[in-house]
Amino acid sequence: MVIRPSSLRSKFLRKHRKWPTSAYSYKWQQTFIQNQALQTLKQSAAATPQEKENNDRPHHLFSAHVHSFTSYNCDPTPEAYHFVIKTLAKTSQVHHIPRVLDRIEFAEKFETPEYILAQLIKIYGFAGRIGDAIDLFCRIPKFRCVPSVYSLNSLLYVLCRSSESLKLVPEMLLKCQVMNIRLEVSSFRVLITALCRIGKIGYAIQMLNYMINDGYGLDARCCSLILSSLCEEKDLALSNFEVLSFLEAIKKMGFTPSMMDYSDVIRFLVKEGRGLDALDALCQMKVEGIKPDIVCYTMVLHGIIAKGDYGKADELFDELLVLGLVPDVYTYNVYINGLCKQNNVEAGLNMISSMEELGCKPNLITYNLLLKAVNKIGEISQAKELMTKMNLKGVGVNSQTYRIMLDGLFHKGDVDEACVLMEEILDKQLC
């Protein structure tokens, strides 16, 4: 025989004379009461002026926490303790937090959410209490919480903020093995970022190898970070040897460089006087389907001109125009510098007209480059006309402009005019 639910409900009513209470209804009521208690705590947590003067805020806050939940006849929630901890941290009362932690550990029964403890580890770290951060990480199981890589990363982030505390990382990595916490990609990122920041690029590369050997795939963010750090490395012997070889090694493992990665490499190669290698990197970008931007072309153009390969420079400038890239004033300045180095002053002067037609306004560097080239070939009158044109265009001269003109006048032997120009420099206080 099938017993209907209505029959069971009628039987319960005859026996108990009241409606049955569902577990869902009880849980909802309990949650509502606890939320009310938390709101009461937040309202009473605001210290009065007298309490602030007496520095009694921690005692007031903790008493309010206990009283608010006792008055509602319910147990404190993890969110309530989280609010107390955040408030103490915000009011620079971190030294009172251990009292709160002791109550969570010994008086409460709930399972403490890991995010509360992970955030507290960072609070301790930012307050310079590294020892307390490590101690809290090791005590996590006592708060009825299973530690994971989430809290480990918080601790690693704290330890990696300074070279002194970074020395404690190996010990904590051994500790996390005892606690059955396995490093994840996010953990390796924290460590590699810290090593790159303090210039330990070799160790960062080793850490990347450990990550791969540990069964994780190649992480693009870590590769880009190490590559960028290598390009900024001040040890030229290390960086010259490593940059291109490291790039080739990670490409073989499946890394696909981005526009930014190639920009870093090109900038490094140009800075080291390896303009032709920078041109090869630019060509490799195009082979891999990455369209170089005007910044990449400008850097390579600068590197090629510095090597004196003006034929390749002309080809490269024509190429960027064919690709539809719009040269900016930096690109034009680099190209004009190449023309001036070839004593092709006329072509350089014509470039000013081309710039203006395309809406690119020549700047002071543009005119100074041309003035230097014009004075070098002894065309003082043309240099004066160019300087007059500068003033008409609203391009203000600087001390370098006057030095260029003085060099030209002395080279020509026009000492009287040089003295007049020197008086003008003194009047403008440009010495």
Considering only the stretch 354-361, I want to know if a residue exists there that is of a type in the set (S, T, Y) and under 33 Å from the mean Cα position of the chain (by Cα). no
Quick check on the stretch 411-418. Is at least one of its residues surrounded by fewer than 12 Cβ atoms within 10 Å (Cβ to Cβ) and within 27 Å of K341 (Cβ to Cβ)? yes
Restricting attention to the stretch 337-354, does a residue exist that is among the small types (G, A, S), out of contact with any Asp or Glu (no Cβ under 6 Å at 6 or more places or on another chain) and over 29 Å from I266 (Cα atoms)? yes
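Each row is one residue, and each column tells you yes or no for (1) aromatic (F, W, Y); (2) closer than 28 Å to F110 by Cβ; (3) crowded, with 18+ Cβ neighbours inside 10 Å; (4) modelled with pLDDT of 95 or more.
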residue	(1), (2), (3), (4)
F137	yes, yes, yes, yes
L155	no, yes, yes, yes
R161	no, no, no, no
V169	no, no, no, no
Q177	no, no, no, no
Selection count, the stretch 130-185, where residues are farther than 22 Å from I97 by Cβ and of a type in the set (D, E): 3
Across the stretch 180-208, the tally of residues that are under 29 Å from V146 (Cβ atoms) and either assigned to a loop (DSSP other than H, G, I, E, B) or among the β-branched types (V, I, T) (or both) stands at 9
Which of the residues that make up the stretch 104-152 are hydroxyl-bearing (S, T, Y), in contact with an Asp or Glu (Cβ under 9 Å, 6 or more places away or on another chain) and in a helix (DSSP H, G or I)? Y124, Y150, S151
Restricting to the stretch 298-333, and then to whatever is within 20 Å of R274 (Cβ to Cβ) and assigned to a loop (DSSP other than H, G, I, E, B), can you tell me which residue is nearest to the chain's Cα centre (by Cα)? K307
Is there any pair linking a residue in the stretch 275-290 that is within 16 Å of K307 (Cβ to Cβ) to one that is modelled with pLDDT under 95 and of a type in the set (K, R), with Cβ under 6 Å and at least six apart or on different chains, and which? G275/K307
Residue pairs meeting the criteria (Cβ under 7 Å; at least 6 apart or on separate chains; first within 12 Å of L230 (Cβ to Cβ), in the stretch 185-201; second charged (D, E, K, R) and modelled with pLDDT under 95): I201/E233
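If you scan the stretch 395-416, which residues turn out to be in a helix (DSSP H, G or I), of a type outside the set (V, I, T) and touching a residue at least 12 places away in the same chain (Cβ under 8 Å)?
Filtering the stretch 395-416 down to residues in a helix (DSSP H, G or I) leaves 399-412, 415-416.
Subsequent filtering for residues that are of a type outside the set (V, I, T) retains 399-400, 402-403, 405-412, 416.
Residues satisfying the conditions are S399, Q400, Y402, M405, L406, D407, G408, L409, H411, K412.
The values are calculated or read from the model by the stated rules, or taken from the named source; none is laboratory data. These numbers come from a predicted model, not from an experiment. Virtual Cβ from ideal backbone geometry, glycine too; neighbours counted across all protein chains shown.
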